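The values are calculated or read from the model by the stated rules, or taken from the named source; none is laboratory data. This is a predicted model, so every value here is computed, not measured. So basically every Cβ, Gly included, is an ideal-geometry build from the backbone, and we count neighbours across all protein chains shown.
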Amino acid sequence: MKPEFYVIEKQELKEAFKEFAKEAEAEAKTNPVEQSERMNRYEAAKFLDVSYPTMHLWTKKGTLKEHGQGRKKFYLRKELIELMQQNS
């Protein structure tokens, strides 16, 4: 497959970026998992008022579900709230 190259005017490129940004914003609004709902282990530990090692232990035991791949792991705020409600 040969790469294709296009030549477009600067204004056309600006309009394309604006359109892309609008589409991305609309998609983010409909996406159930927003960035603000994601927390790394430190943020989640602070949110639950527990230590970092406790978060590791709960994740290892399966009490908490960790999402993501490789080194980019996160917890969902909704799941943390559910955990707090179950233990209340």
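Table: residues versus (1) in contact with a Phe, Trp or Tyr (Cβ under 8 Å, 6 or more places away or on another chain); (2) at pLDDT 85 or above.
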{"residue": "PHE20", "(1), (2)": "no, no"}
{"residue": "ASN40", "(1), (2)": "yes, yes"}
{"residue": "ALA44", "(1), (2)": "yes, yes"}
{"residue": "PHE47", "(1), (2)": "no, yes"}
{"residue": "LEU57", "(1), (2)": "no, yes"}
{"residue": "GLU66", "(1), (2)": "yes, yes"}
{"residue": "GLN69", "(1), (2)": "no, no"}
{"residue": "ASN87", "(1), (2)": "no, no"}
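Considering only residues that are in contact with a Leu (Cβ under 9 Å, 6 or more places away or on another chain) and among the hydrophobic types (A, V, I, L, M, F, W, C), look in segment 33-45 and name the one that is surrounded by the most Cβ atoms within 10 Å (Cβ to Cβ). Give the derivation first.
Taking segment 33-45 first, the residues in contact with a Leu (Cβ under 9 Å, 6 or more places away or on another chain) are 33, 37-39, 44.
Filter once more, keeping what is among the hydrophobic types (A, V, I, L, M, F, W, C): 33, 39, 44.
Values: VAL33: 13, MET39: 18, ALA44: 25.
So, considering only residues that are in contact with a Leu (Cβ under 9 Å, 6 or more places away or on another chain) and among the hydrophobic types (A, V, I, L, M, F, W, C), the one surrounded by the most Cβ atoms within 10 Å (Cβ to Cβ) is ALA44.
Of all residues in segment 46-88, which are assigned to a strand (DSSP E or B), of a type outside the set (D, E, K, R) and surrounded by 10 or more Cβ atoms within 10 Å (Cβ to Cβ)?
Once the filter is applied, which keeps residues that are assigned to a strand (DSSP E or B), of a type outside the set (D, E, K, R) and surrounded by 10 or more Cβ atoms within 10 Å (Cβ to Cβ), segment 46-88 yields HIS67, GLY68, PHE74, TYR75, LEU76.
Return yes or no: is GLU12 out of contact with any helix residue (DSSP H, G or I) (no Cβ under 6 Å at 6 or more places or on another chain), of a type in the set (Asp, Glu) and modelled with pLDDT under 90? Walk me through it before giving the result.
Working: out of contact with any helix residue (DSSP H, G or I) (no Cβ under 6 Å at 6 or more places or on another chain): yes; of a type in the set (Asp, Glu): yes; modelled with pLDDT under 90: yes.
Judged against the criteria, GLU12 is a match.
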